[in-house]
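S.K.: Sharing a structure with you now.
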Amino acid sequence: MAIAEMFLWWYAHGWSVFIKKLRGHLTNIIDFFSMSSLVRTLFQPFRQISAETASADSSLELKFHMFVDRLVSRIVGFFSRLILLITGTIIIVLGGIISLILIILWPIIPFAPIIGIILTIVGVTL
Amino acid sequence: MNNTFDPKNPRVRHAHQKHALNNPAVIIFNFIILIALLIGGIALLFFKESIGWTLIGFSTFPLILIFWIKNYLATVPVGKSQDFTDLISPDLLLLLNTKTTPTDLVKILPKTRSGSFFMTRLALTIPFFEQITPNLPDSTESIYNTARTIREQTKSETINGAIIAASIIQNLPNYESILSQLKLNPEDLYQVINWFNHLNGTIRDSKKPVHTGGIARDFAFGYTPTLQRFAINLSVRFSNVQKVGPAENQTIINQIINTFSQGGRQNVALVGAYGSGRSSIVQSFAETLMNADSSVPQNLKYRQIYSLDAPSLISAATNQGELEYLMIKILNEIYSAKNIILCLDNAHLFFEEGPGSVDIANLLVPVLEAGRIRIIMIMDDQKFLEISAKNSALANSLNKIIVNPSNAEETIKILMDQAPYLEHQKNVVYSYQALLEAYRLGKQYIHDVEMPGCAKLVLESASSYSDRGLVTATSVQTAIEKSYGVKVKVADTEEDRGKLLNLEELIHARMIDQVEAVSAISNALRRAGAGVKNQNRPIGTFLFLGPTGVGKTELAKTLSEVYFNGEDNIIRLDMNEFVSPNDVNRLIKDGASDPLSLTAQVMKQPFAVVLLDEIEKAHPSVLTTLLQVLDEGILRDEKNREVSFRDTIIICTSNAGANTIREKIIAGEKINDFKEAFIESLISSNEFKPEFLNRFDEICLFKPLSKEDLIGVLDLIIASTNKTLEPQKISVTLTPEAKQVLIDKGYDPKMGARPMRRIVQKTVENIVAASILSGAAQPGSTLTITENEINVS
């Protein structure tokens, strides 16, 4: 009775629970890699290092010096964010693909013993 | 709607399956099988054995089982119908059956988590439930029906053990009177059910993942090394702590968010009394900003709140210049970092000179006005007024938000939320009655801390007086009694009750006659001891009128010794020292500058007899000041702190009209016959104002002592002399003739018992002294003094 209930749940509510869990994991990964912050601040100076702006009455030399400093800081920020953004995107895409495969495989999993027996009978080996 | 238990309901089977399978042993066993099958299968395939596929295939079985247990069996959702069985909590589903009787229900309660919680928090013991069992209805139907109603009223998800326990109590005949005996009311049962539901919800929420921005959250924000040296990051400390506060707190948080998300002055001054929850608001605000799922504007998300530690900043700087340099450095870092909100707790420390504080208003005001740095200031209302008076530019540059203390209902909710943290710290469990008592007594005795902080302080100190780990209302009362030297418990021991019932006898062991006054005082103390006195007034207020030497002051001293833990617990003020209007200040002077002011003495010793001698000599302004004390038991000192007189007995004595009393008594009139007219005459002769006399619980007239009374007084004086001689093991007795001689010599109707003490000193004590020095009186001997010896001396 319990076994039957278990399999019934597997194909009904269990599937949606599994999808929800996968979605939760993907959300956690997105949060872990701060994806939205990275996109929003992609060109901002890294850690506000040399981020001061020159005042209107500063000399042209100082203004230029500060502009260069900020540009360097922004470039450092851009690349460090980009690296993290790419890493995060790869992991999220991989996670998404694996999740999709698992969702598709979900109804087959209870049949795995039968598939295993068939493969044994057929004599498939590595 | 069915009100019976249906064992065939699928939830019953579900609950049993959960009980059998959702435990660590089963999960670990399945996990081991899963791993073994997988590893075994892969190993066999490695050795070219195709049977490995079968093992791998079968490894999905334990996997499916674990997933099913954790995601289906672990929760037993309520059923779709409104049948009783569809609404019961999983643990009750395991314990009920069709034959369950009300008596069985009582036995089941402690076995459920909610039932056990309910019993512990209300201090309802198993013997209590066993005692009420015979009065329960025959069938469970009415209990189940009531439980259904309680579930709806408390908006509980299921009918759990706590609801069944409340239902059992509500099904008792005269349950309200039973609850009254336990000092509870029906609403309290619901409160405890709500408490359980709230904590259950908090535990459930704590298991949900919290999104706090991830590893790159602070990439766009600067470093703040100096700030980190002198400040505490509240956002890190409280990012996962959800705090419950009054609904008003959320309104204040929204106000702060509005201030910081719009243009203009980027500061907020949280102004409220200490303990009113100002810091909790900042902590909740910090938590809100750090929560990725909260709906705060993007320009505030992940902003971190740093609380600047004024003492460490001041101690790090050797002079004002260095301090200003450090402060500028910190402010520059905050400005550059772009994600910092600076919090100045006890902000007045930055705007005044003194130990542990420094005035850097000239530095902060431009920053506040420019609005480029977000600042939250926490200060109390008095300090805010002082700062406003001193520096109006500063006050005008602040966005002031008033934080009001929480009311009773809000405080209890906050305490319910905070109790688990306190319990974890103190290793105790708080009962619901302890929370109520902490609020009641905190409000009554702690005047410099507001709610909810005040009640929390009381609960913390009560943990030292727990009864086998359970902090009850009595623990809270004991904590208050020990901390404030007052009596808050109703007399519950045999000794206390005996003392109160025989108070007159105990007082008369030291006092002769004056039955009316002794009885009035005793009745006031009995009312207080039985808990029926008005909580918002002193224990008793009395005016003693009569000639000198008749025992007015003696009664106050006796009372202090008998009931107020010794003669030292008397606060005595000679009112002839308060004869000018300026003397009002001396009454209410701060204890630091005048430890003998009335307010300072009562602050130190709130459970005492306050004796105001010769009250008629005090200036009318002084008497007017005392009106509030007599009426409400409260006097504000010069620092505007409330000083409670609600645990004192206030006795004022006066000789006003003493001659009239003496004449009337000599003329053979009874006190009660002329008392009213006499008091009227005091008012008409302007000795006392009617509003002053009306404030007293009782005005007692002391009659002059007769010669017969003096025999008793003499016996008391001789007893006192014997007490003094006790260490030398010598005692004194007087022959009846000697006593008569002393009475004849010492009797003076105008002076009362006072001359008698002097006569005894001159005669008896001189004779004893001479006998001791001459060796006539040896340890163990009794000196009998005769009439002749008295006459000679």
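S.K.: Within the range B:338-359, count every residue that is modelled with pLDDT under 85 and either at positive phi or of a type outside the set (Gly, Ala, Ser) (or both). Steps first, please.
M.R.: Here is the first cut: in the range B:338-359, the residues modelled with pLDDT under 85 are B:352-359.
If we keep only those that are either at positive phi or of a type outside the set (Gly, Ala, Ser) (or both) too, we end up with B:352-356, B:358-359.
Looking only at that region, the number is 7.
S.K.: Name the single residue that is modelled with the lowest pLDDT among those in the range A:8-20 being open to solvent by less than 90 Å² (accessible area, probe 1.4 Å) and either more than 8 Å from chain B (Cβ to nearest Cβ) or in contact with a strand residue (DSSP E or B) (Cβ under 7 Å, 6 or more places away or on another chain) (or both).
M.R.: A:Ala12
S.K.: Among the residues of the range B:532-552, which ones are of a type in the set (Ser, Thr, Tyr) and either within 20 Å of the chain's Cα centre (by Cα) or in a loop (DSSP other than H, G, I, E, B) (or both)? Lay out the reasoning, then the answer.
M.R.: Restricting attention to the range B:532-552, the residues satisfying the condition of being of a type in the set (Ser, Thr, Tyr) are B:541, B:548.
B:Thr548, the sole residue that qualifies.
S.K.: Next up: Residues that are within 19 Å of B:Tyr432 (Cα to Cα) and not hydroxyl-bearing (Ser, Thr, Tyr): which helices (runs of 4 or more DSSP H) entirely in the range B:166-262 hold 1 or more of them? Walk me through it before giving the result.
M.R.: Details: elements: B:175-181, B:186-206, B:225-230, B:234-238, B:247-261.
The qualifying helices (runs of 4 or more DSSP H) are B:175-181, B:186-206.
S.K.: Taking the stated definitions as given, is B:Glu248 on the phi < 0 side of the Ramachandran plot and at pLDDT 90 or above?
M.R.: On the way: on the phi < 0 side of the Ramachandran plot: yes; at pLDDT 90 or above: no.
Against the criterion (on the phi < 0 side of the Ramachandran plot and at pLDDT 90 or above), B:Glu248 does not qualify.
S.K.: Which of the residues spanning the range B:657-677 are open to solvent by less than 60 Å² (accessible area, probe 1.4 Å) and within 20 Å of B:Ile521 (Cβ to Cβ)?
M.R.: Matches in the range B:657-677: B:Ile661, B:Ile671, B:Lys675.
S.K.: Right, here's the next one. Over 30 Å from B:Arg440 (Cβ atoms), in contact with a Phe, Trp or Tyr (Cβ under 8 Å, 6 or more places away or on another chain) and open to solvent by 50 Å² or more (accessible area, probe 1.4 Å), is that true of B:Arg572? If you could, list the steps in order and put the result at the bottom.
M.R.: Numbers: over 30 Å from B:Arg440 (Cβ atoms): yes; in contact with a Phe, Trp or Tyr (Cβ under 8 Å, 6 or more places away or on another chain): no; open to solvent by 50 Å² or more (accessible area, probe 1.4 Å): yes.
Taking the combined requirement at face value, the residue does not satisfy it.
S.K.: Moving on. In the range B:612-633, how many are within 13 Å of B:Pro538 (Cβ to Cβ), open to solvent by less than 10 Å² (accessible area, probe 1.4 Å) and of a type in the set (A, V, I, L, M, F, W, C)? Steps first, answer last, please.
M.R.: Step one: filter the range B:612-633 for residues within 13 Å of B:Pro538 (Cβ to Cβ), giving B:612, B:626-633.
Still in the running and open to solvent by less than 10 Å² (accessible area, probe 1.4 Å): B:612, B:626, B:629-630, B:633.
Right, trim to of a type in the set (A, V, I, L, M, F, W, C) and you get B:612, B:626, B:629-630.
Selection size over the range B:612-633: 4.
S.K.: So, of the residues in the range B:580-600 that are touching a residue at least 40 places away in the same chain (Cβ under 8 Å) and charged (D, E, K, R), which turns out to be most open to solvent (accessible area, probe 1.4 Å)?
M.R.: Selected residue: B:Lys589.
S.K.: Can I ask one more? So, in the range B:501-531, of the ones that are in contact (Cβ under 8 Å) with a residue 60 or more places away in the chain and in a helix (DSSP H, G or I), which residue ends up most open to solvent (accessible area, probe 1.4 Å)?
M.R.: B:Glu516
S.K.: Can you pull out the residues in the range A:56-114 that are of a type in the set (Ser, Thr, Tyr), within 12 Å of another protein chain (Cβ to nearest Cβ) and exposed (fewer than 12 other Cβ atoms within 10 Å of the Cβ)? Walk me through it before giving the result.
M.R.: Keep residues of the range A:56-114 that are of a type in the set (Ser, Thr, Tyr), which gives A:58-59, A:73, A:80, A:87, A:89, A:99.
Subsequent filtering for residues that are within 12 Å of another protein chain (Cβ to nearest Cβ) retains A:73, A:80, A:87.
Scanning the range A:56-114 gives a single hit, A:Thr87.
S.K.: So, one more: Of the numbered conditions (1) among the aliphatic types (A, V, I, L, M); (2) more than 30 Å from B:Thr474 (Cα to Cα); (3) surrounded by fewer than 18 Cβ atoms within 10 Å (Cβ to Cβ), B:Ile126 fails exactly one; give the number of that condition.
M.R.: (2)
S.K.: Sticking with this structure for a sec: Quick one: which of B:Ala166, B:Ala147 is open to solvent by less than 20 Å² (accessible area, probe 1.4 Å), of a type outside the set (D, E, K, R) and under 19 Å from B:Met416 (Cα atoms)?
M.R.: Working: B:Ala147 fails: under 19 Å from B:Met416 (Cα atoms).
Answer to the check: B:Ala166.
S.K.: A further question on this structure: Scan the range B:80-103 for residues that are over 22 Å from A:His13 (Cα atoms), part of a loop (DSSP other than H, G, I, E, B) and open to solvent by less than 30 Å² (accessible area, probe 1.4 Å) and report the count.
M.R.: 2
S.K.: Sticking with this one: For A:Met35, work out the one condition from (1) modelled with pLDDT of 90 or more; (2) closer than 26 Å to A:Ala112 by Cα; (3) not small (Gly, Ala, Ser) it doesn't fulfil.
M.R.: (2)
S.K.: Still on this structure, please answer the following. Would you be able to tell me the number of residues in the range A:82-126 that are of a type outside the set (A, V, I, L, M, F, W, C) and more than 26 Å from the chain's Cα centre (by Cα)?
M.R.: As a first pass, look at the range A:82-126 and keep what is of a type outside the set (A, V, I, L, M, F, W, C): A:87-89, A:95-96, A:99, A:107, A:110, A:113, A:116, A:120, A:123, A:125.
Those left that are additionally more than 26 Å from the chain's Cα centre (by Cα): A:110, A:113, A:116, A:120, A:123, A:125.
Of the residues in that region, 6 qualify.
S.K.: Inspect all residues belonging to the range B:32-42 and state whether any of them is open to solvent by 30 Å² or more (accessible area, probe 1.4 Å), within 11 Å of another protein chain (Cβ to nearest Cβ) and in contact with a helix residue (DSSP H, G or I) (Cβ under 7 Å, 6 or more places away or on another chain).
M.R.: First pass over the range B:32-42, keeping only residues open to solvent by 30 Å² or more (accessible area, probe 1.4 Å): B:32-33, B:35-39, B:42.
With the extra rule that they be within 11 Å of another protein chain (Cβ to nearest Cβ), the set shrinks to B:37, B:42.
Within this subset, residues satisfying the condition of being in contact with a helix residue (DSSP H, G or I) (Cβ under 7 Å, 6 or more places away or on another chain) are B:37, B:42.
Yes, the range B:32-42 contains a residue that is open to solvent by 30 Å² or more (accessible area, probe 1.4 Å), within 11 Å of another protein chain (Cβ to nearest Cβ) and in contact with a helix residue (DSSP H, G or I) (Cβ under 7 Å, 6 or more places away or on another chain).
S.K.: OK, next. Yes or no: the range B:310-321 includes at least one residue that is crowded, with 20+ Cβ neighbours inside 10 Å, more than 14 Å from chain A (Cβ to nearest Cβ), out of contact with any strand residue (DSSP E or B) (no Cβ under 6 Å at 6 or more places or on another chain) and within 30 Å of B:Phe219 (Cβ to Cβ).
M.R.: Checked against the condition, which is being crowded, with 20+ Cβ neighbours inside 10 Å, more than 14 Å from chain A (Cβ to nearest Cβ), out of contact with any strand residue (DSSP E or B) (no Cβ under 6 Å at 6 or more places or on another chain) and within 30 Å of B:Phe219 (Cβ to Cβ), the range B:310-321 yields at least one hit.
S.K.: When you scan the range B:11-31, how many residues do you find that are within 9 Å of another protein chain (Cβ to nearest Cβ) and open to solvent by 70 Å² or more (accessible area, probe 1.4 Å)?
M.R.: Residues that pass the stated criteria total 1.
S.K.: Additional query: Does any residue in the range B:194-223 that is within 14 Å of chain A (Cβ to nearest Cβ) come within less than 6 Å, Cβ to Cβ, of a residue that is in a helix (DSSP H, G or I) and among the small types (Gly, Ala, Ser) six or more places away or on a different chain, and which pairs are these?
M.R.: Qualifying pairs under 6 Å: B:Ala216/A:Ser37; B:Arg217/A:Ser37; B:Phe221/B:Ala337; B:Gly222/B:Ser336; B:Gly222/B:Ala337.
S.K.: Return the residue satisfying two criteria in turn: it lies in the range B:48-79 and is more than 9 Å from every other protein chain (Cβ to nearest Cβ) and outside any helix (DSSP H, G or I), and of such residues it is farthest from the chain's Cα centre (by Cα).
M.R.: It comes out as B:Gly79.
S.K.: I've got another one for you. State which residue pairs qualify: first residue at the interface with chain B (Cβ under 7 Å from one of its Cβ atoms) and inside the range A:115-126, second residue loosely packed, with under 15 Cβ neighbours inside 10 Å in any location, beta carbons under 6 Å apart, and separation of 6 or more residues or different chains.
M.R.: Pairs that qualify, where the first residue is at the interface with chain B (Cβ under 7 Å from one of its Cβ atoms) and the partner is loosely packed, with under 15 Cβ neighbours inside 10 Å, are A:Thr125/B:Lys48.
S.K.: For a quick check of your reading: which helices (runs of 4 or more DSSP H) sit entirely within the range B:685-791 and have at least 2 residues that are touching a Phe, Trp or Tyr at 6+ places or on another chain (Cβ under 8 Å)? Can you show your working first?
M.R.: Details: elements: B:690-693, B:707-725, B:736-746, B:754-760, B:766-774.
Fully inside the range B:685-791 and qualifying: B:707-725, B:754-760.
S.K.: Which of the residues spanning the range B:722-754 are surrounded by fewer than 17 Cβ atoms within 10 Å (Cβ to Cβ), in contact with a strand residue (DSSP E or B) (Cβ under 9 Å, 6 or more places away or on another chain) and of a type in the set (Val, Ile, Thr)?
M.R.: Scanning the range B:722-754 gives B:Thr733, B:Thr735.
S.K.: So, in the range B:723-749, how many residues would count as being under 24 Å from B:Lys664 (Cα atoms) and out of contact with any helix residue (DSSP H, G or I) (no Cβ under 7 Å at 6 or more places or on another chain)?
M.R.: 1
S.K.: For the range B:343-363, which positions are outside any helix (DSSP H, G or I) and free of Cβ contacts under 8 Å to residues at least 40 places away in the same chain?
M.R.: Narrowing the range B:343-363 to residues outside any helix (DSSP H, G or I): B:343-346, B:351-360.
Answer for the range B:343-363, where residues must be outside any helix (DSSP H, G or I) and free of Cβ contacts under 8 Å to residues at least 40 places away in the same chain: B:Leu344, B:Asn346, B:Glu352, B:Glu353, B:Gly354, B:Pro355, B:Asp359, B:Ile360.
S.K.: Taking B:Leu300, is it open to solvent by less than 20 Å² (accessible area, probe 1.4 Å), in contact with a Phe, Trp or Tyr (Cβ under 9 Å, 6 or more places away or on another chain), within 23 Å of B:Arg229 (Cβ to Cβ) and not polar (S, T, N, Q)? Let's see the steps before the verdict.
M.R.: Numbers: open to solvent by less than 20 Å² (accessible area, probe 1.4 Å): yes; in contact with a Phe, Trp or Tyr (Cβ under 9 Å, 6 or more places away or on another chain): yes; within 23 Å of B:Arg229 (Cβ to Cβ): no; not polar (S, T, N, Q): yes.
In short, no.
The values are calculated or read from the model by the stated rules, or taken from the named source; none is laboratory data. These numbers were taken from a predicted model, which means no experiment stands behind them. All Cβ positions, even for glycine, are placed from backbone atoms using ideal geometry, and neighbour counts span all protein chains on display. Ligands, DNA and RNA are stripped out before the accessible areas are found, and what is left, the full protein with its side chains, is counted by its heavy atoms. Shrake-Rupley method; radii C 1.70, N 1.55, O 1.52, S 1.80 Å.
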